[in-house]
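K.L.:
Following this message is one structure expressed as structure tokens.
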Amino acid sequence: MRNAIVTAVFCITMLSGAASADEMVFTSWGGTTQDAQKAAWADKFTATTKINVLQDGPTDYGKIKAMVEANAVTWDVVDVEGDYAVQAGDSGLLEKLDFSVIDKSKLDPRFVTDYSVGSFYYSFVIGCNGNAVAACPKTWAELFDTTKFPGKRTFYKWSAPGVIEAALLADGVAPDKLYPLDLDRAFKKLDTIKSDIIWWTGGAQSQQLLASAEAPYGSFWNGRLTALEQTGVTVTVSWDQNITAADSLVIPKGAKNKDAAMKFIALASSAEGQKDFAVPTGYAPTNLDSAALMDEAVRKLLPDAQSASQINADMKYWAENRDAIGSRWYAWQAK
């Protein structure tokens with residue numbers, strides 16, 4: 001789904017020219033997630049409005065900043081991480097959304113700001129290739145236990161909600177005491193398995209690592225495991241203390257097709273649009289009316305049905321501390 005690294009230097013390239021008035025550009029993370037977004041949103045938007053939706057990606061925050069600062073924005077709607085959406089909105093990099101076009105009355109308020117609405121919400125869960133190992137970890141503590149569960153494990157490479165929370169939970173921190181994050185304690189815990197970590201940079205890579213058993217267990221976006229199961233791989237999933245976060249849809253400041261972008265987000269965040277994306281992906285809808293449109297068999301497998309021990313990542317905390325955490329995170333990885 002993502003490559004969130006911020007590029008320091010960026011030469012703006014056009015997509016073969018800026019989108020014309022009868023087309024717009026949607027940018028996301030690629031792979032099965034963007035394929036589903038295209039089918040659920042872009043294709044239906046084009047059928048309804050006759051506006052062609054060009055696909056680009058992966059999302060790159062450095063490109064967004066460079067485009068906006070150069071007044072040469074070629075992306076119209078971008079799927080970004082929720083904490084980035086908050087930070088970018090506060091930093092003046094995004095257009096305010098027009099809620100006379102986008103109906104936010106039925107959207108989960110956790111995932112709505114003046115500059116963004118939830119694209120989908122997901123959980124970091126523990127995944128395991130059941131054919132590759134004798135036993136699968138069921139808790140974060142077990143995933144960090146290299147004696148009981150030897151071998152490589154895989155985690156998300158980029159600085160974002162999920163891994164630090166998992167390390168603290170594995171070390172015994174109570175869910176209601178996670179924030180503010182104790183970074184010293186988290187990195188100390190991560191040190192215990194650092195040599196056994198294979199980092200995944202995007203959802204497709206995480207699936208490949210698990211399917212090949214190069215890393216027979218690890219932390220994954222739940223929807224990637226759903227998609228992997230559909231290919232015939234035996235996947236064991238533990239929802240114990242699953243850590244939720246959300247992606248958001250935003251419009252970069254100065255987007256050339258802002259009106260079309262607003263209409264696109266309106267469709268994508270509608271009850272029908274969210275249902276159409278949730279069913280094939282296993283990600284939860286951010287529209288509260290979508291659940292009623294889905295079969296119960298599908299609904300019970302989505303993150304919003306796994307609430308018994310669920311932990312919501314604090315997007316506001318991450319937005320306020322994203323840069324500081326990122327600096328320490330990448331310095332630690334480079335050691």
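The values are calculated or read from the model by the stated rules, or taken from the named source; none is laboratory data. The model shown is predicted, which means the values in this text are computed figures rather than measured ones. Every residue, glycine as well, gets a Cβ built from its backbone with ideal geometry; the counts of neighbours run over all protein chains shown. Accessible surface areas use protein heavy atoms only, side chains included; no ligands, DNA or RNA. Shrake-Rupley method; radii C 1.70, N 1.55, O 1.52, S 1.80 Å.
K.L.:
Given Cα pairs under 8 Å that are at least 6 residues apart, what percent is the relative contact order of the chain? Write out the running numbers ahead of the final one.
P.N.:
On the way: 635 pairs, mean separation 89.2, N = 335.
So the answer I get is 27 percent.
K.L.:
Comparing Ser123, Ser195, Ser238, which has the greatest mean-square fluctuation in the GNM of the chain with Cα pairs linked when under 10 Å apart?
P.N.:
Ser195
K.L.:
Using 0.36 nm per residue of separation minus the Cα-Cα distance, give me the extension gain between Thr231 and Thr192 in nm, one decimal.
P.N.:
10.7 nm
K.L.:
Please compute the Kirkwood hydrodynamic radius of the chain from all pairs of different C-alpha atoms, in Å with one decimal. Each step should come with its number before you reach the end.
P.N.:
On the way: mean 1/r = 0.0494 Å⁻¹.
Radius from the Kirkwood sum: 20.2 Å.
K.L.:
Would you mind getting the accessible area per residue of the chain, heavy atoms of the protein chains only, 1.4 Å probe, in Å²?
P.N.:
41 Å²
K.L.:
Same structure, new question: Counting only pairs 8 or more residues apart or on different chains, how many lysine pairs in region 53-163 have their Cα atoms under 23 Å apart?
P.N.:
Pairs that pass both the separation and distance tests number 9.
K.L.:
From the Cα gyration tensor of region 186-335, with a ≥ b ≥ c the square roots of its eigenvalues, which class applies: rounded if a/c is under 1.5, or else prolate if a/b is larger than b/c, or else oblate?
P.N.:
Here region 186-335 falls in the oblate category.
K.L.:
Taking the Cα atoms only, what angle lies between the long axis of helix 258-268 and the longest principal axis of the chain, rounded to 10 degrees?
P.N.:
50 degrees
K.L.:
Oh, and also: Quick one: grab the alpha carbon gyration tensor of region 259-332, order the square roots of its eigenvalues as a ≥ b ≥ c, and give me rounded if a/c is under 1.5, else prolate or oblate depending on whether a/b is larger than b/c. Intermediate values should be presented prior to the final figure.
P.N.:
Working: a/c = 2.91, a/b = 1.50, b/c = 1.94.
Oblate, because a/c is 1.5 or more while a/b does not exceed b/c.
K.L.:
Now for a different question. Figure the gain on full extension for Asp259 and Tyr317 (residue separation times 0.36 nm, minus the Cα-Cα span) and round it to one decimal in nm.
P.N.:
Extra length from Asp259 to Tyr317 when fully extended: 17.7 nm.
K.L.:
Sum up the lysine pairs in region 192-335 that clear both bars: alpha-carbon distance under 18 Å and a spacing of 8 or more or different chains.
P.N.:
4
K.L.:
So if R0 is 45 Å, what FRET efficiency would Leu301 and Ser105 give, r being the distance between their Cβ atoms, rounded to the nearest 0.05?
P.N.:
The computed FRET efficiency comes out at 0.95.
K.L.:
Take the alpha-carbon centre of region 296-335, take the same for region 226-252, and report the distance between them in whole Å.
P.N.:
Spelled out, the Cα-based centre of one part sits 12 Å from the other.
K.L.:
Which one of Ala255, Ala47, Ala88 has the biggest mean-square fluctuation once the chain is modelled by GNM with Cα springs under 10 Å?
P.N.:
Result for the chain, Cα springs under 10 Å: Ala47 fluctuates most.
K.L.:
Quick one: if the Förster radius is 35 Å, what FRET efficiency do Ala324 and Ser212 give, using the C-beta to C-beta distance and rounding to 0.05? Write out the running numbers ahead of the final one.
P.N.:
On the way: r = 35 Å, r/R0 = 1.01.
It comes out at approximately 0.50.
K.L.:
Would you mind telling me the share, in percent, of accessible area of the chain contributed by carbon and sulfur at probe 1.4 angstrom?
P.N.:
Answer for the chain: carbon and sulfur cover 51 percent of the accessible area.
K.L.:
I want to verify a result. In a Gaussian network model of the chain, Cα cutoff 10 Å, which of these has the top mean-square fluctuation: Phe111, Phe155, Phe99?
P.N.:
In this elastic network of the chain, the residue with the biggest mean-square fluctuation among Phe111, Phe155, Phe99 is Phe99.
K.L.:
Relative to the longest principal Cα axis of the chain, at what angle does helix 271-281 sit, 0 to 90 degrees, rounded to 10?
P.N.:
Tilt of helix 271-281: around 40 degrees.
K.L.:
In nm, what is the difference between 0.36 nm times the number of residues separating Ser309 and Ala70 and their Cα-Cα distance?
P.N.:
Residue separation times 0.36 nm, minus the Cα-Cα distance, leaves 81.5 nm.
K.L.:
While we're looking at this one, here's another question. Answer rounded, prolate or oblate for region 73-126, using the Cα gyration tensor with square roots of eigenvalues a ≥ b ≥ c: rounded when a/c is under 1.5, else prolate when a/b is larger than b/c, else oblate. Show your work: numbers first, answer last.
P.N.:
On the way: a/c = 1.81, a/b = 1.20, b/c = 1.50.
Oblate shape, in that a/c is at least 1.5 and b/c is the bigger or equal ratio.
K.L.:
Round to the nearest 10 and give me the degree value, 0 to 90, for the angle of helix 61-70's Cα axis relative to the longest principal axis of the chain.
P.N.:
In the chain, helix 61-70 runs at an angle near 30 degrees to the longest axis.
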